[in-house]
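Please read the structure below before turning to the comments.
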Amino acid sequence: MSLAATYAKNVAGANLDRNTSSLFDLSRKPQATGSSYVTLSCEPSHYGSLHTTRKSRTNLENSYRMEPTKKFVSDKIQPLIQTVLEEKLSHETYNAEKCAELSKSISQEIKLRIKALHYDRFKIVCTVSIGEKKNQDIMMGSRCVWDTDKDNYASGSYANASLFSIAVVYGLYYE
Amino acid sequence: MDDFQSGEETAFVVDEVSNIIKEAVEGAIGGNAYQHNKVNQWTSNVVEQCLNQLTKLGKPFKYIVTCVIMQKNGAGLHTASSCFWDNTTDGSCTVRWENKTMYCIVSVFGLAI
């Protein structure tokens, strides 16, 4: 009984941390491998392994549904992404601290708006990148192993004189 | 439909994934200086190598792998992600790699089926 209570408290604590800390919590020192430095950053929930064994998966009953009721159509999501980016960034210039906060808040905002559209049984992953414009070159690529019929993605971009921004949303159907 | 064995075998193991990513990046672009005409190929190579190794793990996961390669110019870049998923089974891992001429940031999201 007490073990379960401790476990529940740890998980709850971990959940709280997850909501407030940043993606780039460095958990290891950078190591030099020849001419490169590799730093590892990962979700705070895995840091320190608060609970070594994962909670066992809850077994859900069969829904007997093969297809999602509402398909994740990228043409419907793309205008939403574009709107959010323009709303938040049209009056901004690049500033390191502000853009760090902005990227987190924009990704949160996009995710919340998509949740409001009620895509049932879809898991949403939303990534936002904001960069400074300094005549540098940048290349962004992404590949996925998923169900090509049911899963999809949508992306949007925005640029002004001092910054550029890219947002990508992936929607994956949970069978 | 058979039940998958829950526990360590079907969890998203961050250390394992981060090693895969590091090896993929080192193999694809380690020791190279930034070259505009090769960046496209490099991004594809990194991502494909990551995905191949991840699928070889044989876990019941869907993977999303993102790679950003940026020339080192003194410019700043911020990346954030927000996910709506099952915290107990899904996870992500991001590895940041750099050398004298470029940055490479690879993110892997693993979502349980």
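A few points about this structure:
- Dividing the mean sequence gap of close Cα pairs (under 8 Å, 6+ apart) by how many residues the stretch A:74-173 holds gives a relative contact order of 37 percent.
- Here the residues B:C67, A:C99, A:C144, ranked from fewest to most Cβ neighbours within 10 Å of their Cβ, fall in the order A:C144, A:C99, B:C67.
- Fully extending the segment from A:S157 to A:V73 would add 28.5 nm, taking 0.36 nm per residue of separation and subtracting the current Cα-Cα distance.
- Per-residue mean of C-beta atoms belonging to partner chains within 10 Å, peptide B:13-21: 3
- Distance between modelled label sites at B:E23 and B:N73, nm, 7 Å Cα→Cβ extension: 3.5
- Taking the Cα centre of chain B as reference, the dipole from Cβ charges on Lys and Arg (+1) and Asp and Glu (-1) amounts to some 720 debye.
- Chain B: relative contact order as a whole-number percent, Cα under 8 Å and 6+ apart: 34
- The angle between the Cα long axis of helix B:14-29 and the main principal axis of chain B comes to about 30°, on a 0 to 90 degree scale.
- Using bins of 10 Å that start at zero, the share of Cα-Cα pairs per bin across the stretch A:53-112 amounts to 16, 30, 21, 22, 10, 0, in whole %.
- Descending Cα extents along the principal axes, chain B, whole Å: 50, 26, 20
- Rounded if a/c under 1.5, otherwise prolate or oblate - the stretch A:85-153, Cα gyration tensor axes: oblate
- Net length available on complete extension from A:S105 to A:S90 is 3.9 nm, with 0.36 nm assigned per residue and the Cα-Cα distance removed.
- Relative to the longest principal axis of the Cα atoms of chain B, helix B:39-56 runs at roughly 20 degrees.
- Estimated distance in nm for a label pair at A:K98 and A:D137, the labels positioned 7 Å out from Cα along Cα-to-Cβ: 3.1
- Here the stretch B:62-106 is scanned for amide nitrogen atoms under 15 Å from the site 7 Å beyond the Cα of B:H36 along Cα-to-Cβ, giving B:70-73.
- Modelled spin labels at A:E175 and A:T148, positioned 7 Å past Cα toward Cβ, are 1.7 nm from each other.
The numbers here are math on the coordinates, done by the rules we state, and not lab data. In this text, all values refer to a predicted model and were calculated from it rather than measured experimentally. Cβ atoms come from the backbone with ideal geometry, glycine included; neighbour counts cover every protein chain shown.
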